[in-house]
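Presented below is the structure to which this report refers.
The values are calculated or read from the model by the stated rules, or taken from the named source; none is laboratory data. On a predicted model such as this, the values are computed, not experimentally measured, just so you know. Glycine gets a Cβ as well: all are built from the backbone with ideal geometry, and neighbour counts include every protein chain shown. Protein only, heavy atoms only, side chains kept; ligands, DNA and RNA dropped before computing areas. Shrake-Rupley method; radii C 1.70, N 1.55, O 1.52, S 1.80 Å.
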Amino acid sequence: LARSWLAAWAAFLLIIPNHSLNTFSVATFFACMSTIMVPPALPIQVYFYAMALLISGSLLGCMGMHCNEGHSHHQNQVLLLSELEQATKIAATAANPDGKFNLEVFQGRFLDTSSSIVYGVFLAVGYFFFGLSRTYFKKLALFSVFGTIFSDIICSHGPLFPAANYTILSSFLMSTAASIAIGCAAIVLVFPQSLNHQMLTGVSKLL
């Protein structure tokens, strides 16, 4: 319990400094969320196994980046150039051009039906695969949950951008890595406990 409490607070403190906010961007909260979802309250061996599942699911969810190729290929280039020109003109007249252009992006100005279908198909396939693994392989629940999260992020944000964006998940991956680092440090340095020790303690209590 003490390890979990310390790790959760350490991950939460990442939200406060400007340096970490600039590094992790809007995904800083994900480090705290990951630490709470998988607290370092397990024996060392089991925790490392859980982290391996988490990393595997996250990386498999990142396979959605391949949709970027289909996104660029199926986009209507004439319509894209027209919308890009209009958005650039609107942004140029604003007090904060970058902020205004980003606002245009996230308001869906550059959405295209054909490229959105590519992401939709991958999202459906990803949901089916991770749902199947969660149903038939209960021990892979952590793998499925994080795979679903990362697939959802790439497939919901990818179609919004006018060009292929391969860095959408970078801040989420860094936040996940920070959460894993905090958890590993806590479980190794704060009252470390092996699986063997936990089992012997349980048997001793029964006796």
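Structural remarks
- When you restrict to C-alpha pairs under 8 Å that are six or more residues apart and normalise by the size of segment 124-189, the relative contact order lands at 20 percent.
- Residue with peak Gaussian network fluctuation, the chain [Cα springs, cutoff 10 Å], from Thr88, Thr28, Thr176: Thr88
- Using every pair of distinct Cα positions in the chain, the Kirkwood expression returns a hydrodynamic radius of 19.4 angstrom.
- Pairs of Cα atoms nearer than 8 Å and 6+ residues apart set the relative contact order; for the chain it is 37 percent.
- Met199, Met51, Met65, Met37, reordered so the largest accessible area comes first (probe 1.4 Å): Met199, Met37, Met65, Met51
- Between Asn18 and Leu103, the FRET efficiency from the beta-carbon distance, with R0 = 30 Å, is close to 0.85.
- Ile117 contributes an accessible area of around 100 Å² to the protein surface, as traced by a 1.4 Å probe with all chains present.
- Accessible area per residue for segment 66-116 is 64 Å², calculated with a 1.4 Å probe on protein heavy atoms, without ligands, DNA or RNA.
- Computed accessible area, Asp98, all protein chains, 1.4 angstrom probe, square angstrom: 120
- Rounded to the nearest 500, the helix-only mean residue ellipticity at 222 nm of the chain stands at -24000 deg cm²/dmol, with each DSSP H run of n ≥ 4 adding -39,500 (n - 2.57).
- Here the accessible area of the chain is 71 percent carbon and sulfur, with a 1.4 angstrom probe and all protein chains present.
- Once exposed loop chymotrypsin sites (Phe, Trp or Tyr not before Pro) are cut out (DSSP; at most 14 other Cβ, 10 Å), longest piece of the chain: 1-136
- R0 of 25 Å, Cβ-Cβ distance Leu206-Phe48: FRET efficiency to nearest 0.05: 0.40
- Model label zone, Asn96; criterion: amide N under 17 Å from point 7 Å along Cα-to-beta-carbon; scope segment 15-37: 18, 21-23, 25-27
- Average Cα contact separation per residue, segment 1-83, under 8 Å, 6 or more apart, as relative contact order %: 27
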